[in-house]
Amino acid sequence: MPVIRLSTKRLFNFLGREIAESDLERLLMRVKGEVERVGDGYIEVEINSDRLDMMISEGVA
């Protein structure tokens with residue numbers, strides 16, 4: 001499955017607020033995404049192949 005790297009600043013901007021890493025992981029699991037790695041200013045998410053709408057920050061938000 002594809003893994004995408006997203007800017008956390010950009011993602012939180014689309015969400016309208018910052019959220020904890022544990023909450024983000026839980027929410028992504030609900031929409032068939034899995035956090036692979038969290039780094040300084042980015043997050044890598046494995047996206048289920050049937051959720052191509054989540055290939056960009058706007059789709060994840």
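The selection criterion, being surrounded by fewer than 12 Cβ atoms within 10 Å (Cβ to Cβ) and of a type in the set (S, T, Y), does not hold for S7.
Here E18, E25, E36 are screened, and the one residue that is at pLDDT 90 or above and more than 18 Å from E58 (Cβ to Cβ) is E36. Among the residues of the stretch 30-44, is there at least one that is in a strand (DSSP E or B) and in contact (Cβ under 8 Å) with a residue 40 or more places away in the chain? So far as the stretch 30-44 goes, yes, one or more of its residues are in a strand (DSSP E or B) and in contact (Cβ under 8 Å) with a residue 40 or more places away in the chain.
The values are calculated or read from the model by the stated rules, or taken from the named source; none is laboratory data. This structure is a prediction, so every number in the text was calculated from the model and none was measured. As a convention, Cβ positions derive from the backbone with ideal geometry for all residues, glycine included, and neighbour counts pool all protein chains shown.
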